[in-house]
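I have placed the structure first, in the form of structure tokens, so that the comments after it can refer back to it.
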Amino acid sequence: MLKLGIIGTGWISQQFVEAAEETKSFKLTEVYSRTEAKAKTFADKFSGDDVYLTTDLDKFFSSDKFDAVYIASPNSLHYSQAKQAIENGKQVIVEKPSTSNVHELATLQQIAKEKGVFLIEAARHIHEPIFKKLQWYLEQNKAALSGATLSYMKYSSKYDAYLDAQNPNVFTTTFSGGALYDLGVYCVYDAVVLFGEPNQVTYDAEILSSGVDGSGSLTLKYDDFDVNIIVGKTKNSFMPSEIYFGKKTLLMDSAGDITKLQQSDEKKRLSPIPAEKSDNPMDSEAVEFARIINENDQEKYAQLSRYARIVNRILEHARASAGIVFEADKEN
């Protein structure tokens, strides 16, 4: 079992460690946090006495207590932290989006190649069995494919703080925040994995006073159809996502966390598409990431790396279309 280090002590890190330990893919052995109290609180949820704690990033990355690191810090910190991890020979799993812009991702992928380690962007939902079923359905009906509408919009738990001028990270250009980079990335991954790279990208965004997008509508143009993506962190939506096949339609309850698939026939009659869904949506990615590392699966790694490059290109083109500039862009 691979030994795991963690950066970021929020709910998403907890869910990943739970999945890793449930599936016996990774074993938590070290936690970094800016405060020892937060690191200890996190470690105590697992095998706390056996987990090393540190508040020093340099010591963390030079540690021999873990083989792979899972990075779930604010977006703008991913690049520097992943770079330091790679330079110390660690296998790196970094939450999506892995970087603030394409230049950073290209740099990390090149350094990882030189160091002989993996840099994996953690798009967890594309590894789930229910997503694999979606891919299967698309393959069976691809001749009739005529477009899609993908929606992922929910009111952020941080938005009230933003309205109170508390400036939470996810709503700032300093930390490469906004709806597209927080929720929209799920939908973009859906489009890239299912349909490939689009020919054109445009993003009509609701820009907040902080300079990031609160919500927006992203259009990906392909040769014969369009994919429309609706994303937002300032309002709730209950609209399902759909893929169109002429008279038939496939429905997903959410583009970001699919729990149910349905199909509509030519008479608009709905019927379920049976599909497996784990209680922990990160189980599948934990198993797959450990397998890639343990088996040195370069073919699968190349595929995931290609997805990451395309997704991050789309995100950057979308930001340019909407006039969104991150602080990280000014450093390159």
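Bear in mind these aren't lab numbers, they're just calculated from the coordinates by the rules spelled out. None of the values given here were measured: they were computed from a predicted structure. Quick reminder, even Gly has a Cβ in these numbers, built from the backbone with ideal geometry, and neighbours come from all protein chains shown.
Eigen-decomposition of the gyration tensor built on the alpha-carbon atoms of region 179-228 gives equivalent ellipsoid semi-axes of 22, 12, 7 angstrom, largest listed first.
For region 244-332, the pair-distance distribution built from all alpha carbon pairs, in bins 10 Å wide starting at 0, is 12, 23, 29, 28, 7, 1 percent. Can you grab the distance from the C-alpha centre of region 278-300 to the C-alpha centre of region 161-225, Å, no decimals? Centre-to-centre distance over Cα atoms comes out at 27 Å. Note on K45 and T107: their simple-model spin labels are 3.1 nm apart, each label 7 Å out from Cα toward Cβ.
The distance between label points at S217 and I12 comes to 2.7 nm (points 7 Å beyond Cα on the Cα→Cβ vector).
Annotation for T259 and E327: the two label points, set 7 Å from Cα along the Cα-Cβ direction, are 3.6 nm apart.
Summary value for the chain: 19 percent relative contact order, contacts being C-alpha pairs under 8 angstrom separated by 6+ residues. When the helices of the chain are scored as -39500 (n - 2.57) per DSSP H run of n ≥ 4 and the total is divided over every residue, the value at 222 nm lands at -10500 deg cm²/dmol. Could you point to the residue in G89, L150, T107 farthest towards the positive end of the chain's charge dipole, with +1 and -1 charges on the Cβ of Lys/Arg and Asp/Glu respectively? Value: L150. Remark: the Cα gyration tensor places region 175-277 in the prolate category, a/c being 1.5 or greater and a/b exceeding b/c.
Which residue fluctuates most in the GNM of the chain (Cα springs below 10 Å): F175, F238, F118? For the chain, modelled as a Gaussian network with Cα springs under 10 Å, the answer is F238.
Evaluate E = 1/(1 + (r/R0)^6) for D64 and K300, where r is the Cβ-Cβ distance and R0 equals 35 Å; express this FRET efficiency to the nearest 0.05.
Details: r = 27 Å, r/R0 = 0.78.
Step by step, r from the Cβ atoms, then E = 0.80.
For K235, the lysines whose Cα falls under 21 Å of its own Cα, not counting residues fewer than eight places away in the same chain, are K154, K158. Shown here are the Rg and Dmax of the Cα trace of region 63-219, at 17.6, 53 Å.
Go ahead and run the numbers for FRET between N236 and N167, Cβ-Cβ distance against an R0 of 22 Å, rounding to 0.05. Don't skip to the answer; put the middle values down first.
On the way: r = 23 Å, r/R0 = 1.03.
Once the sixth-power term is evaluated, E becomes 0.45.
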